[in-house]
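See structure below.
The values are calculated or read from the model by the stated rules, or taken from the named source; none is laboratory data. In this text the structure is predicted, and so the values were computed from the model without any measurement. Note that we place each Cβ from the backbone using ideal geometry, even for glycine, and neighbour counts take in every protein chain shown.
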């Protein structure tokens with residue numbers, strides 16, 4: 001079984017995003033069976049109700065297929081569910097936030113275009 005269709009794209013249904021958490025932070029990890037590498041969005045816990053989105057990295061085998069957005073979606077989902085806000089230190093997260101000012105309730109800064 002592979003996660004790529006005839007065009008070489010990863011099927012969103014085959015992508016698995018999980019959260020790995022430690023005492024001071026963690027990461028969201030995206031994996032797809034049969035696809036080399038893993039993508040990640042790392043974060044740091046800054047205090048009660050606040051995390052910083054530090055860095056997003058997607059390997060070449062997953063680039064251009066919405067994997068970074070899937071990682072960010074998982075972070076946003078958890079921010080709503082677990083009631084925390086995000087400080088966007090990662091350039092990718094800041095860029096996506098600038099495109100979605102409706103996320104303002106989840107961030108501690110204003111979106112910057």
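Any residue at all in the range 14-26 that is crowded, with 19+ Cβ neighbours inside 10 Å, modelled with pLDDT under 95 and closer than 13 Å to residue 74 by Cβ? Checking the range 14-26: at least one residue is crowded, with 19+ Cβ neighbours inside 10 Å, modelled with pLDDT under 95 and closer than 13 Å to residue 74 by Cβ. Note on the range 40-61: residues that are within 21 Å of residue 14 (Cα to Cα) and part of a loop (DSSP other than H, G, I, E, B) amount to 2.
Among the residues of the range 71-86, those identified as surrounded by fewer than 18 Cβ atoms within 10 Å (Cβ to Cβ) and not in a helix (DSSP H, G or I) are 83, 85. Please find, among 64, 37, 68, the residue that is closer than 23 Å to residue 15 by Cα, assigned to a loop (DSSP other than H, G, I, E, B) and touching a strand residue (DSSP E or B) at 6+ places or on another chain (Cβ under 9 Å). Answer to the selection: 37.
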